[in-house]
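Reviewing the structure listed below.
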Amino acid sequence: MSHKETERVCIKARKVYDWVTRQVDVAIKPVCNSDLDDLFAWDLDHDKDASIADILCDAKVGGLSVECFLSDEKGNKINPLANHHHRHHKGLTCKEIEQPNGRPDVEVTLPDGVEVILQRVKVLVKGYVTIHLVNNKGHVVGCSAPIPFATIQTFLLCAPDGTELDCHVTFFECDSNLIATPDYAQLDVTLALCLDIQMEADVKFEIDAKISRPRAEILEGLLCPLKEFPPQCPEIFPAHGRKPR
């Protein structure tokens with residue numbers, strides 16, 4: 001067989017059965033007054049019994065900006081996009097919730113009128129955010145304990161038995177606001193994240209292919225021998241040498 005001819009080969013690959021994206025907005029329950037006092041640690045000289053409202057309204061402290069970021073359970077900042085192929089990225093988790101009787105079938109009518117059977121898939125996303133209060137010199141003067149968040153999202157997907165969820169976050173944004181008066185303080189935090197959801201499985205394909213080999217490297221001196229692949233058994237596999245109809 002010349003190097004230009006093809007042959008029937010069987011390959012194993014990761015097949016995507018379905019793929020959707022979704023923006024998810026999460027509102028964390030507001031933290032107020034005494035709960036807020038317990039949440040923050042300070043790098044300021046003040047009365048240990050002073051409330052956060054007292055501290056923020058102290059003219060000597062000056063204006064503070066509120067910074068919110070995704071963190072692990074210890075408050076260390078993490079980047080969910082650093083390695084988005086991992087389902088679990090330190091403090092961030094995105095995984096399927098197993099249902100007692102498996103993924104239930106749902107009959108869906110597509111926009112063109114065609115009826116299809118999909119599966120209902122539940123996905124849990126959870127993690128932590130941490131709040132920093134920063135003065136006008138850029139110094140962190142107040143740091144919160146990590147604040148947990150979680151959301152459960154339901155998707156209708158082509159997800160037959162044997163497929164697995166591949167989920168990762170492609171975008172994350174945290175917005176936080178701290179309200180303070182002499183007798184009241186409240187922290188509001190809202191999150192926006194984009195989920196990339198795929199249902200996948202390892203499958204085997206029979207295709208026409210040409211075995212690829214490295215070219216001979218041009219060097220002065222000895223050449224590395226070319227890699228030889230083991231011969232196939234086309235008489236019996238795949239499909240006894242017959243092309244599919």
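The values are calculated or read from the model by the stated rules, or taken from the named source; none is laboratory data. Because the structure is predicted, anything quoted here is derived from the model rather than measured. Cβ: placed from backbone, ideal geometry, glycine included. Neighbour counts: every protein chain shown.
Some points to look at:
- Members of region 115-142 found to be out of contact with any Lys or Arg (no Cβ under 8 Å at 6 or more places or on another chain), modelled with pLDDT of 90 or more and either under 14 Å from G91 (Cα atoms) or hydrophobic (A, V, I, L, M, F, W, C) (or both), listed by number: V116, I117, L118, V125, K126, G127, Y128, V129, I131
- Matching residues, region 149-179, being within 19 Å of the chain's Cα centre (by Cα) and either over 26 Å from V20 (Cβ atoms) or aromatic (F, W, Y) (or both): F149, F155, F171, F172
- Qualifying residue in region 141-149 (condition: farther than 21 Å from V24 by Cα and in contact with a helix residue (DSSP H, G or I) (Cβ under 7 Å, 6 or more places away or on another chain)): yes
- From the list L44, L39, the one residue that fits, being modelled with pLDDT of 85 or more and surrounded by 12 or more Cβ atoms within 10 Å (Cβ to Cβ), is L39.
- Residue within region 126-145 that is part of a strand (DSSP E or B) and free of Cβ contacts under 8 Å to residues at least 40 places away in the same chain present: yes
- Enumeration of residues in region 155-179 that are of a type outside the set (A, V, I, L, M, F, W, C) and closer than 16 Å to Q198 by Cβ: P160, G162, T163, E164, D166, H168, T170
- Residue match in region 75-82 (condition: part of a loop (DSSP other than H, G, I, E, B), at pLDDT 85 or above and under 22 Å from A27 (Cβ atoms)): yes
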